[in-house]
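Structure first, commentary second.
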Amino acid sequence: MKYEHLRQQDPAVWEIIEREEKRQNDELELIASENYVSPAVLETLATVLTNKYSEGYIGRRYYGGNNNIDEIENLAITRAKKLFAAEHVNVQPLSGSPANAAVYLAFLNPGDKVLGLKLDHGGHLSHGHKINFSGRLYNFVQYGLNPETGMIDMEEVRRIALAERPKMIVAGFSAYSREIDWQKFKEIADEIGAYTFADIAHIAGLIAAKQLKNPVPIFDVVSTTTHKTLRGPRGAIIMCKEKYAKQVDRAVFPGMQGGPHDHITAAKAVTFGEALTPEFIEYAKQTILNAQAMAAEFIARGYKIISGGTDNHLMVIDLSNKDLAGKEAEKILEMIGISVSRSTIPNDPNPPLNPSGIRIGTAAATTRGMKEAEMKLIVEYIDEAFNNRDQEEKLVLLKQAVKELCGKFPIPTK
Ligand code: DSN
């Protein structure tokens, strides 16, 4: 029986997990940063590798008994190098923020100036927000999106970079739907002798599948989580030029972290193996096609998408013309079994806890096998839910429709 020991030993925990499994099966996941791992990745996460301590690096551990772990870590590194054309990879970061903290530790001193995208324009907390460690330890100056186009204005980035002369420029975002001109960022950084750091957490899977441009051969250092479009376990990696390998490794351990989570390292290796297959390229292509179909349908129904569309897996919808704010929209959709995340819009007049928009992504729905026709249907359900937000009976019917749709596209178990 599946999870036999857990069921018998701790029904209280099991019952919650079982409920969550049912929720994930019956409901639709449109949170742009979430996805479903393969059964092979899930199995790897529940292996005995979780029992091991392996502080240090391959062949240089501070604990005995690490021969097998060395092999696992080597496999993860070798596959990641191939996937991203990376010179050096550190596969030990526990997640996105710790990875970014390690990058700053490797290249900067406290107080150094860094240029990053504003959080409410699509950046990330760890790109210099004042309540985050990054904004408290380093002197971040920030660029925003062009208010007319909703896109990054590279001339504006250049103007700020030349005026502020930061030691590092950060590119790569949590809620930006357009292709990023990595080469242009690099040229600007070279003009002022700044380091280039790309955080590709959201789009790593699309880059690995060669559907978006890859910053790894261009930038000094690149971080990514492994659990978004890359469809792996919770975790992160850092890629850099060989000349920065030592300082990056030292920053991860002993700088930021203790022992790596070896079961997760193994699951990263399995994920990279999956991402190297032709099937994954098809998945990434479809994820983008689905996002574009969804954005077009929202626009046809009078919704305002920041930047007017998407080149990747996500979009940010400004709901201010719908008499609706992000928190309420998130709640209404939760009532019909659809998860999205509220999102700020550029120069949002509303506070971060109740911003003016929502962010939607197609990575998880595409893993279930949904295509453009289902995306259109989903937008119809969302629109109907917003338009009938006070009609409880209508919302119940929509929840049933979402469940039926999910039933036709089960989360892959093979
Ligand atoms: N929480 C992730 C996201 O939703 O984009 C980023 O950390």
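The values are calculated or read from the model by the stated rules, or taken from the named source; none is laboratory data. Just so it is clear, the structure is predicted and the values come from calculations on it, not from any experiment. No Cβ is skipped: glycine too gets one built from the backbone with ideal geometry, and neighbour counts run over all protein chains shown.
Key figures
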{"quantity": "The one condition in (1) surrounded by fewer than 20 Cβ atoms within 10 Å (Cβ to Cβ); (2) more than 16 Å from the ligand (Cβ to nearest atom); (3) hydroxyl-bearing (Ser, Thr, Tyr) that Ser95 fails to fulfil", "calculated": "(2)"}
{"quantity": "Of residues in the range 161-196 being within 16 Å of the ligand (Cβ to nearest atom) and not in a loop (DSSP other than H, G, I, E, B), the one farthest from the chain's Cα centre (by Cα)", "calculated": "Val170"}
{"quantity": "Long-range neighbours under 7 Å by Cβ, at least six apart or interchain, first residue β-branched (Val, Ile, Thr) within the range 130-158, second not in a helix (DSSP H, G or I)", "calculated": "Val141/Lys113; Val141/Leu115; Val141/Pro166; Ile152/Leu145; Val157/Tyr143"}
{"quantity": "Qualifying residue in the range 251-264 (condition: closer than 18 Å to Thr44 by Cβ, touching a Pro at 6+ places or on another chain (Cβ under 9 Å) and either small (Gly, Ala, Ser) or assigned to a helix (DSSP H, G or I) (or both))", "calculated": "yes"}
{"quantity": "Flag if Leu333 is part of a loop (DSSP other than H, G, I, E, B) and away from the ligand (no atom under 14 Å from the Cβ)", "calculated": "no"}
{"quantity": "Single match in Leu324, Leu353 (criterion: modelled with pLDDT of 95 or more and either part of a loop (DSSP other than H, G, I, E, B) or surrounded by fewer than 18 Cβ atoms within 10 Å (Cβ to Cβ) (or both))", "calculated": "Leu324"}
{"quantity": "Residue check for Leu206: closer than 22 Å to Val41 by Cβ and surrounded by fewer than 22 Cβ atoms within 10 Å (Cβ to Cβ)", "calculated": "no"}
{"quantity": "Subset tally (residues that are in contact (Cβ under 8 Å) with a residue 60 or more places away in the chain, over 30 Å from Gln211 (Cα atoms), in a helix (DSSP H, G or I) and out of contact with any Asp or Glu (no Cβ under 9 Å at 6 or more places or on another chain)) for the range 49-83", "calculated": "0"}
{"quantity": "Among residues of the range 103-151, those that are outside any strand (DSSP E or B), more than 15 Å from the ligand (Cβ to nearest atom) and of a type in the set (Ser, Thr, Tyr), counted", "calculated": "3"}
